[in-house]
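Below is one structure, written out as structure tokens; the observations come after it.
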Amino acid sequence: MLLNKTSNAKRRQLVVGNWKMNGNQQLNAELLAKVVAGWQGEHRADVVVCPPSPYLLHTFERISGSSIQLGAQNVSQYEVGAYTGEVSAQMLAELHCKFVIIGHNERRRLQGETDEQVAQKFIAAQRANLIPILCVGESSAQRENGSHLDVIGAQLQSVCAHVGCDVFKQAVVAYEPVWAVGTGKTATPQQAEEVHCFIRAQLGEIGETVRILYGGSVKSSNAEQLFALPDIDGALLGGASLDAEEFLKICKAAD
Ligand code: PEP
């Protein structure tokens, strides 16, 4: 149930489940059977699941016929060639992906992805008609020293500098404070709203229509409060997307 959503009536709510490197064929099939059964019919919110790459086709087969859409967790910045272990945007599109998460903080921190690489991945995704979900967010040290908006501004600008901010017409942004992802800590509604407004302002006119998700320990117990904020258009979920009941409760809160 939506509350106070007057200012973003033109933006469809979106809930994205990032399974990270979890699951197996049997667990995924069980999870998807419950999620599909609980998300029948027409909805005002969009729902996307992002399984690990080896399970994309398996997932697609199970969500076919429902309104749930498929996304990937990562993409190569390159189109083709000698890049062992990488998966191109075109390959993801062939596997029926519509979305791809770009620049998740786990990839920035653990795989050393730079803003420059993230920008290249964003471009590669759009070339293959995938919708990038660009993750931005500050560390706890950056939040504490007050540089969080500078950091997020630079993360957005790295994309705009390469291809202009217009590309955000066909993209989603996810504000994910690093200190809130997988930690059980959630940004306060005021902290989240401040950053979401800042992102919109950075993107100028496109900022009015771009969907901006909040991510970081969203649960069914805090989703409704976050979704009620005028500049939050849904959520990027980690842990909560692995539990069908919890995932569905959050999807319904956005609907
Ligand atoms: C995420 O991985 O993008 C995420 C938001 O994780 P969690 O919901 O578990 O904090």
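The values are calculated or read from the model by the stated rules, or taken from the named source; none is laboratory data. Keep in mind it's a predicted model, so treat the numbers as computed, not measured. Please note: Cβ atoms are built from the backbone with ideal geometry, for glycine as well, and neighbour counts cover all protein chains shown.
Are any of the residues in region 208-215 touching a Leu at 6+ places or on another chain (Cβ under 9 Å), within 23 Å of Ala37 (Cβ to Cβ) and surrounded by 19 or more Cβ atoms within 10 Å (Cβ to Cβ)?
Looking for residues that are touching a Leu at 6+ places or on another chain (Cβ under 9 Å), within 23 Å of Ala37 (Cβ to Cβ) and surrounded by 19 or more Cβ atoms within 10 Å (Cβ to Cβ), one finds none in region 208-215, hence no.
Residue under question is Asn105, and the condition is that it be buried (at least 20 other Cβ atoms within 10 Å of the Cβ), polar (S, T, N, Q) and more than 19 Å from Ala223 (Cα to Cα); does it hold?
Working: buried (at least 20 other Cβ atoms within 10 Å of the Cβ): yes; polar (S, T, N, Q): yes; more than 19 Å from Ala223 (Cα to Cα): yes.
Yes.
Among the residues of region 86-122, count how many are closer than 25 Å to Tyr214 by Cβ and not in a loop (DSSP other than H, G, I, E, B).
Taking region 86-122 first, the residues closer than 25 Å to Tyr214 by Cβ are 92, 97-111, 113-115, 117-119, 121-122.
Those left that are additionally not in a loop (DSSP other than H, G, I, E, B): 92, 99-102, 105-110, 115, 117-119, 121-122.
Number of matching residues: 17.
Please determine whether any residue of region 127-142 is surrounded by fewer than 21 Cβ atoms within 10 Å (Cβ to Cβ), more than 17 Å from Leu14 (Cβ to Cβ), basic (Lys, Arg) and within 16 Å of the ligand (Cβ to nearest atom). Spell out the reasoning first.
If we filter region 127-142 for residues that are surrounded by fewer than 21 Cβ atoms within 10 Å (Cβ to Cβ), which is where we start, we get 127-129, 131, 139-142.
Then keep just the ones that are more than 17 Å from Leu14 (Cβ to Cβ); that gives 127-129, 139-142.
Narrowing further to those that are basic (Lys, Arg): 127.
Applying the additional criterion that residues be within 16 Å of the ligand (Cβ to nearest atom) yields none.
Taking every residue of region 127-142 in turn, none turns out to be surrounded by fewer than 21 Cβ atoms within 10 Å (Cβ to Cβ), more than 17 Å from Leu14 (Cβ to Cβ), basic (Lys, Arg) and within 16 Å of the ligand (Cβ to nearest atom).
Within region 208-218, identify whether any single residue is more than 16 Å from the ligand (Cβ to nearest atom), at negative phi and not polar (S, T, N, Q), and answer yes or no.
Just the residues of region 208-218 that are more than 16 Å from the ligand (Cβ to nearest atom), to begin with: 208-210.
Now narrow it down to the ones that are at negative phi: 208-210.
Narrowing further to those that are not polar (S, T, N, Q): 208, 210.
Looking through region 208-218, at least one residue is more than 16 Å from the ligand (Cβ to nearest atom), at negative phi and not polar (S, T, N, Q).
Within region 15-59, can you find the residues that are within 13 Å of the ligand (Cβ to nearest atom) and aromatic (Phe, Trp, Tyr)?
Result: Trp19, single match.
What number of residues within region 160-177 are crowded, with 23+ Cβ neighbours inside 10 Å, of a type in the set (Val, Ile, Thr) and either assigned to a helix (DSSP H, G or I) or in contact (Cβ under 8 Å) with a residue 60 or more places away in the chain (or both)?
1
Which one of these is at pLDDT 95 or above, touching a strand residue (DSSP E or B) at 6+ places or on another chain (Cβ under 7 Å), under 18 Å from Val16 (Cβ atoms) and away from the ligand (no atom under 16 Å from the Cβ): Ala235, Ala171, Ala192, Ala223?
Going through Ala235, Ala171, Ala192, Ala223 in turn, just one is at pLDDT 95 or above, touching a strand residue (DSSP E or B) at 6+ places or on another chain (Cβ under 7 Å), under 18 Å from Val16 (Cβ atoms) and away from the ligand (no atom under 16 Å from the Cβ): Ala171.
When you go through (1) at pLDDT 95 or above; (2) more than 19 Å from Pro132 (Cβ to Cβ) one by one for Gly182, which number turns out not to apply?
Tallying (1) at pLDDT 95 or above; (2) more than 19 Å from Pro132 (Cβ to Cβ), Gly182 fails exactly one: (1).
Based on this model, can you work out whether Gly182 counts as part of a helix (DSSP H, G or I) and touching a helix residue (DSSP H, G or I) at 6+ places or on another chain (Cβ under 8 Å)?
For Gly182, the condition - part of a helix (DSSP H, G or I) and touching a helix residue (DSSP H, G or I) at 6+ places or on another chain (Cβ under 8 Å) - is not met.
Against the condition surrounded by fewer than 19 Cβ atoms within 10 Å (Cβ to Cβ) and among the aliphatic types (A, V, I, L, M), how does Ala82 come out, does it pass? Before the answer, list the steps.
On the way: surrounded by fewer than 19 Cβ atoms within 10 Å (Cβ to Cβ): yes; among the aliphatic types (A, V, I, L, M): yes.
For Ala82, the condition - surrounded by fewer than 19 Cβ atoms within 10 Å (Cβ to Cβ) and among the aliphatic types (A, V, I, L, M) - is met.
Given the conditions (1) more than 15 Å from the chain's Cα centre (by Cα); (2) more than 14 Å from the ligand (Cβ to nearest atom); (3) modelled with pLDDT of 95 or more, report the number of the one that Glu205 does not fulfil.
So the condition that Glu205 fails would be (3).
Sort out which residues of region 95-119 are touching a residue at least 60 places away in the same chain (Cβ under 8 Å) and under 17 Å from Leu236 (Cα atoms), and write them in order of number. Spell out the reasoning first.
At the first step, the residues of region 95-119 found to be touching a residue at least 60 places away in the same chain (Cβ under 8 Å) are 99, 101, 104-106, 109.
Hits for region 95-119 are Phe99, Ile101, His104, Asn105, Glu106.
Residues in region 184-204: is at least one touching a Lys or Arg at 6+ places or on another chain (Cβ under 8 Å) and closer than 26 Å to Gln77 by Cα?
Within region 184-204, not a single residue is touching a Lys or Arg at 6+ places or on another chain (Cβ under 8 Å) and closer than 26 Å to Gln77 by Cα.
Mind listing whichever residues of region 195-235 are assigned to a loop (DSSP other than H, G, I, E, B), more than 20 Å from Asp150 (Cα to Cα) and of a type in the set (Gly, Ala, Ser)?
Selection gives Ser217, Ala228.
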